[in-house]
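Worksheet: the structure to be examined is printed underneath.
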């Protein structure tokens, strides 16, 4: 029980850190292109909580222990809708941009591009490298149990 909890905590911290880093990098790159020259502490906190939300959503949808049974395309679509809704809600709550403005449409296009790029990147990873790592992990688990 304790080992499983520690393993889950390690995976959660790693994934949250990756999502947080990705959020900061995306903000820095695209914020710079849109004219932002600094990142506020409030934005860092917002990205932090968004990364925790995305990590929880990722765990609920994609973990091996997930009770959410659906095919991969359905999970991607659900994740797309939930994440888009949360981002739209946060954008209005924290006044990132106004609905219907040019910046709104730029952010909408950016969301679609980043989401599609992420899905495409994960698809390539799992097709090319994922099966090799899965086989090695299964072999490792078999050795560890014996």
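Taking each DSSP H run with n ≥ 4 as -39500 (n - 2.57) and averaging over every residue of the chain yields -27500 deg cm²/dmol at 222 nm.
Cut-off 10 angstrom, C-alpha nodes, Gaussian network model of the chain. Which of 136, 69, 13 fluctuates the most? Comparing 136, 69, 13 in a Gaussian network model of the chain, the most mobile one is 136. Among (i) 1.02; (ii) 0.93; (iii) 1.22, which one is Rg/Rh (Cα atoms, Kirkwood Rh) computed from these coordinates? Label (i) holds the value from this structure. Our estimate of slack between residue 86 and residue 56, defined as 0.36 nm per intervening residue step minus the Cα-Cα distance, is 9.5 nm.
The C-alpha atoms of the chain define a longest principal axis, and helix 102-125 lies at about 20 degrees to it.
By the Kirkwood approach, averaging reciprocal distances over each pair of separate Cα atoms, the stretch 1-69 gets a hydrodynamic radius of 13.5 Å.
Using a Gaussian network model of the chain in which every pair of alpha carbons under 10 angstrom is joined by a spring, one finds that among 107, 15, 33 the greatest mean-square fluctuation is at 33.
No value in this document is a laboratory result; all are computed from the given coordinates. Keep in mind that this is a model prediction, so the values were computed, not measured.
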